[in-house]
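Participant: Right, I'll just put the structure down here and ask away after.
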Amino acid sequence: MLESFSDFFRELADQYPRWNFIFFYEPVQWDRIMKGLRYTVVLSVACVIFSVIIGVVGAWLQGSSNRFVRNTVQGYIQFFRNTPPFVQLLFFYFALGQFTPTIVGADGWTETPIISNVGWAIISLSFFAGAFNVEIFRAGIEAVPESTQEAAFALGFSRFQVYKEIVLPLAFRVSLPSLNNNLVNLVKTSTQAMAIAVPELLYQCVSIWNDYPSAQYPTMLLLFCSFVFLVGILVLGMHRWEQKSRIPGYGG
Amino acid sequence: MPNDNWTPDQPLVSIKDVRKSFGSLEVLKGVSLDVMKGEVICIIGPSGSGKSTLIRCINALNDIQAGSITVEGQEVHTEKLDKLELRKKVGMVFQQYNLFPHKTALENVMMAPIKVLRKSKAEAEQTARALIKKVRLDGKEGAYPGELSGGQQQRVAIARSLAMNPDVMLFDEVTAALDPETVKEVLVTIKDLAQEGMTCILVTHEMGFAREIADHIYFTDRGVIVEHGPPATFFDNAQDPRTKEFLSQIL
Ligand SMILES: Nc1ncnc2c1ncn2[C@@H]1O[C@H](COP(=O)(O)OP(=O)(O)OP(=O)(O)O)[C@@H](O)[C@H]1O
Ligand SMILES: [Mg+2]
C-alpha cells in the first residue's frame with residue numbers, strides 16, 4: 001500500500017514535471033519535512049507559552065503602583081508592537097547575539113553561543129507576541145468590575161490573591177477571542193525564523209525547492225496545508241477551552 | 001498597641017471626628033459614633049450624604065484625612081495597619097452582591113477560608129454547607145451566581161462574609177438592588193444574625209426594618225450626623241428639621 005503511494009507520486013512527477021511531490025517518495029526529503037514540522041511545532045508551542053506568561057506578568061506589572069515599572073512595561077509594548085517582528089528577529093540574533101557569552105567546545109577551537117538561533121527565535125517571537133498579549137490581558141482585566149475585586153479585598157485577599165483567583169480567571173475568559181487571534185498570528189510569524197536559519201518548515205521547504213525546482217508547487221502546497229492544519233489544531237484547542245470555561249448564567 | 005487592652009465593654013467600633021474628602025469634595029465632615037459588641041446600628045440619610053463612604057472607611061476600603069477609627073481597639077487608619085487582621089474581624093456585604101461569577105455558591109463561600117485563613121478544604125466545605133443552609137439556600141450549592149436570583153445571590157454574599165467568622169458585619173444597602181418580594185428573604189437573614197448577637201452596622205432605606213431591628217439609628221446628611229437615638233425616639237420624636245423632612249418624604 002505504502003509502496004503504491006510513493007510509486008504513484010513518482011509516476012506523477014515523471015508525467016507532470018511541475019508536480020514533483022518529491023517528499024512523498026524520497027525518504028530523505030520526507031525527513032527534512034518532518035524535521036521542519038517538528039521545529040515549527042516546538043517554536044510555536046514555546047512561543048505560545050512564553051508569550052502568554054509575558055502577557056500575564058506584564059498586565060500584572062501594568063497595575064503596579066510604581067510609575068517606573070508601569071512606564072517600563074509601556075515602553076516594552078510600544079517598541080515591540082510598533083516595529084516589524086522581522087526586524088526584531090534580526091536585531092536579537094545579529095545585534096544582541098554578538099554580546100552573549102559563548103562556550104568553547106571540547107576541541108578548544110569551536111565556539112557555540114549559549115543562546116542558539118532557535119533560542120533567539122523563541123525569545124524574539126515571544127516578546128513580540130507577548131507585547132500584544134499584555135494589551136489583550138489588560139483589556140480583559142479592565143473588564144473585571146472593581147467591585148468584584150473589592151469584595152475579595154474585604155474578605156482579606158491580598159493583591160496577588162485577587163489577581164490570581166479573581167481577576168485573571170475572569171480576564172482570561174474575556175480575552176480568549178483576542179488571544180486566539182494573536183496566537184494564530186504568532187504561529188504563522190514563526191516562519192520568519194527562517195531568516196536566522198532555524199530549520200523550521202519554511203526553511204526546509206525552501207531548501208527542497210532550491211534543490212529540486214520541479215518540487216516548488218507541491219512544496220508550497222504542502223506548506224499551506226501544514227499551516228492550515230497546525231493553526232486548525234490551535235483554534236480547535238482554544239475553542240474547546242472557551243467552551244469549557246464558559247460560566248453558566250454569565251454573559252460575555 | 002492599644003489592641004491588647006481592648007475589652008468587650010469598650011466600643012467594638014469607634015469612629016471619632018472622621019473627615020474624608022475625594023479631591024476637593026469633603027464627603028465626611030467630622031463623624032463620630034460608637035458601636036458596642038452585639039449592637040445593631042442603622043445609618044440612614046439621603047443619597048450622597050456619605051453613608052457608603054463612612055462604612056467603607058471602617059474596613060479600610062477608603063482612607064480618611066482626619067480623625068480615627070478603631071476596631072476592637074486597633075487603629076484602622078495607620079501605616080502599621082494589619083489589613084488582613086482587620087478584614088478577618090470585619091465582614092462586608094455590598095449592594096450589588098459582588099459574588100465571584102466564576103465560582104459556584106459553595107465555592108464562593110469556601111474560597112476566603114481556604115485562601116485567607118488557610119483552612120483545609122474539608123473543613124471549609126463543612127462550614128460553607130452549614131452557612132448556606134443557614135441562609136436557607138440548601139440545594140443551591142452548585143449553582144453559579146448567574147443562575148441565582150438577586151435575593152439568593154445576596155444571601156450567598158452574606159454566607160460568604162460569615163464564613164470568615166467576623167466580629168462585626170457591615171451591610172451597605174444590601175436590599176436596594178432587589179425586587180420588593182425578595183427584599184424580605186434577605187432581611188430575615190440579617191434579622192436572624194442580629195438576634196444571634198452579631199454586631200451589625202447597616203446602611204438602609206428600609207425604615208420599618210431599621211425600626212424593628214436597630215438598637216440605635218443615625219441620620220446623616222451632607223457628611224455630618226444630624227441626629228441619632230434609639231428607634232422609638234428617633235422615628236416618633238425627631239428634633240432636627242432635616243430629619244423630619246427626610247422622614248416625612250420616606251415614610
Ligand atoms: N470614589 C469616589 N470618588 C469621588 N467621589 C466619590 C467617590 N465615592 C463617593 N464619592 C462622592 O462622595 C459622596 C458620598 O457618596 P456615598 O456613596 O458615600 O453616598 P451614600 O450616602 O452612600 O449615597 P447612596 O444612598 O446614594 O448610596 C457623593 O457625592 C459621591 O459622589
Ligand atoms: Mg451608598
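Participant: Give the distance, in whole Å, between the Cα centre of the range B:42-71 and the Cα centre of the range B:142-218.
Facilitator: Using only Cα atoms, the two centres lie 18 Å from each other.
Participant: In addition: Provide the net charge surrounding residue B:156, with neighbours chosen by a C-beta distance below 14 Å and charges set as Lys +1, Arg +1, Asp -1, Glu -1.
Facilitator: Working: positive: B:103, B:129, B:133, B:134, B:136, B:140, B:155, B:160; negative: B:107, B:138, B:141, B:147, B:185.
After counting each charged neighbour, the total is +3.
Participant: Relative to the first principal axis of the alpha-carbon coordinates of chain B, what is the inclination of helix B:150-162, with its axis defined by its Cα atoms, in degrees from 0 to 90 and to the nearest 10?
Facilitator: Relative to chain B, helix B:150-162 is tipped by roughly 90 degrees.
Participant: Stick to the Cα atoms of the range B:13-250, pair each with every other, and give me the Kirkwood hydrodynamic radius in Å at one decimal.
Facilitator: Numbers: mean 1/r = 0.0544 Å⁻¹.
With all distinct Cα pairs of the range B:13-250 included, I get 18.4 Å.
Participant: I've got another one for you. In peptide A:143-153, how many Cβ atoms from other protein chains are near each Cβ within 10 Å, on average?
Facilitator: Mean partner shielding for this stretch: 5.
Participant: Nearest 5 is fine: what % of DSSP beta bridges in the protein assembly as shown come out antiparallel, could you say? Please report the intermediate quantities before stating the final value.
Facilitator: Numbers: 23 of 40 bridges.
So the antiparallel bridges in the protein assembly as shown amount to around 60 percent.
Participant: Assuming R0 = 45 Å, what is the FRET efficiency of residue B:122 and residue A:116, from their Cβ-Cβ distance, to the nearest 0.05? Mind dumping the intermediate values first?
Facilitator: Details: r = 49 Å, r/R0 = 1.09.
Rounded to the nearest 0.05, the efficiency is 0.35.
Participant: Here's something else I'd like to know. Order these peptides, B:154-160, A:239-245, by their mean beta-carbon neighbour count within 10 angstrom, highest first. Don't skip to the answer; put the middle values down first.
Facilitator: Details: B:154-160: 28.0, A:239-245: 11.3.
Highest to lowest by the protection proxy: B:154-160, A:239-245.
Participant: Can you compute the helix-only [θ] at 222 nm over chain A? Use -39500 (n - 2.57) per DSSP H run of at least 4 residues, normalise by all residues, nearest 500 deg cm²/dmol.
Facilitator: Details: 9 runs with 169 residues, N = 252.
Result for chain A: -23000 deg cm²/dmol, rounded to the nearest 500.
Participant: Okay, moving on. Per the Kirkwood formula on distinct C-alpha pairs, the Rh of the range A:1-147 is how many angstrom?
Facilitator: Working: mean 1/r = 0.0523 Å⁻¹.
It is 19.1 Å.
Participant: A follow-up question, please. Counting only other chains, what is the mean number of Cβ atoms within 10 angstrom of the Cβ of each residue in peptide B:147-154?
Facilitator: Working: counts 4, 1, 0, 0, 0, 0, 0, 0.
Going residue by residue through B:147-154 and averaging, the value is 1.
Participant: Continuing with this model, one more query. Take peptide B:92-102, look around each residue's Cβ out to 10 angstrom, count Cβ atoms belonging to other protein chains, and average those counts. Mind dumping the intermediate values first?
Facilitator: Working: counts 5, 2, 5, 1, 4, 3, 9, 2, 9, 13, 10.
Across the residues of B:92-102, the mean count of other-chain Cβ atoms within 10 Å is 6.
Participant: Tell me the Kirkwood radius of the protein assembly as shown: reciprocal of the mean inverse pair distance over distinct alpha-carbon atoms, in Å.
Facilitator: Values: mean 1/r = 0.0364 Å⁻¹.
The answer is 27.5 Å.
Participant: Mind pulling the angle between the C-alpha long axis of helix B:105-115 and the longest principal axis of chain B? Nearest 10 degrees, somewhere in 0 to 90.
Facilitator: 80 degrees
Participant: Given 5 Å bins starting at zero, what is the percent of C-alpha pairs of the range B:27-134 in each, up to the one with the largest pair distance?
Facilitator: Per 5 Å bin, starting at 0, the Cα pair percentages come out as 2, 9, 17, 19, 18, 16, 12, 6, 2, 0.
Participant: Based on other C-beta atoms within 10 Å, arrange A:16, A:39, B:97 from fewest to most. Don't jump to the answer; show the numbers that get you there.
Facilitator: Values: A:16 11, A:39 21, B:97 25.
Fewest-to-most Cβ neighbours within 10 Å comes out as A:16, A:39, B:97.
Participant: Separate question: Residue separation times 0.36 nm, minus the C-alpha to C-alpha distance between residue A:45 and residue A:143: what's the value? If you can, show how the numbers build up before the last one.
Facilitator: Details: separation 98, 0.36 × 98 = 35.28 nm, distance 2.79 nm.
Net length gain for the segment: 32.5 nm.
Participant: Pairs of Cα atoms under 8 Å, at least six residues apart: use those to get the relative contact order of chain B, whole percent. The partial results should precede the final answer.
Facilitator: Numbers: 460 pairs, mean separation 63.1, N = 251.
With pairs under 8 Å counted, the relative contact order is 25 percent.
Participant: Name the residue farthest towards the positive end of the dipole of chain B from the options B:176, B:21, B:106, assuming +1 on Cβ of Lys and Arg, -1 on Cβ of Asp and Glu, about the Cα centre.
Facilitator: The one lying farthest along the dipole's positive direction is B:106.
Participant: Out of all DSSP beta bridges in chain B, what portion is antiparallel? Express it as a percent rounded to 5.
Facilitator: Details: 20 of 37 bridges.
In chain B, approximately 55 percent of DSSP beta bridges are antiparallel ones.
Participant: If you don't mind, there's one more thing I want to ask. What net charge do the residues around residue A:4 carry, taking every other residue with its C-beta under 14 Å from that of residue A:4, with Lys and Arg at +1 and Asp and Glu at -1? Mind dumping the intermediate values first?
Facilitator: Values: positive: A:10; negative: A:3, A:7, A:11.
So the environment of residue A:4 carries a net charge of -2.
Participant: Okay, moving on. Can you compute log10 of I(q)/I(0) for chain A with the Debye formula, treating each Cα as one identical point scatterer, at q = 0.08, 0.09, 0.15 Å⁻¹?
Facilitator: -0.45, -0.55, -1.09
Participant: While we're looking at this one, here's another question. Quantify how much of the Cα-Cα distance distribution of the range B:150-248 extends past 17 Å, in percent.
Facilitator: Details: 2609 of 4851 pairs.
So the pairs more than 17 Å apart make up 54 percent of the total in the range B:150-248.
Participant: Going by alpha carbons, how many degrees (0 to 90, nearest 10) lie between the helix axis of A:67-82 and the longest principal axis of chain A?
Facilitator: Tilt relative to chain A: about 30 degrees.
Participant: Work out the FRET efficiency for residue B:245 and residue B:5 from their Cβ-Cβ distance, taking R0 = 41 Å, and round it to the nearest 0.05. Each step should come with its number before you reach the end.
Facilitator: Details: r = 43 Å, r/R0 = 1.04.
Once rounded, the FRET efficiency stands at 0.45.
Just so you know, all these numbers are worked out from the coordinates, no wet-lab data involved. Quick caveat, the model's predicted, so the values are computed rather than measured. Backbone-built Cβ (ideal geometry, glycine too); neighbour counts: all protein chains shown.
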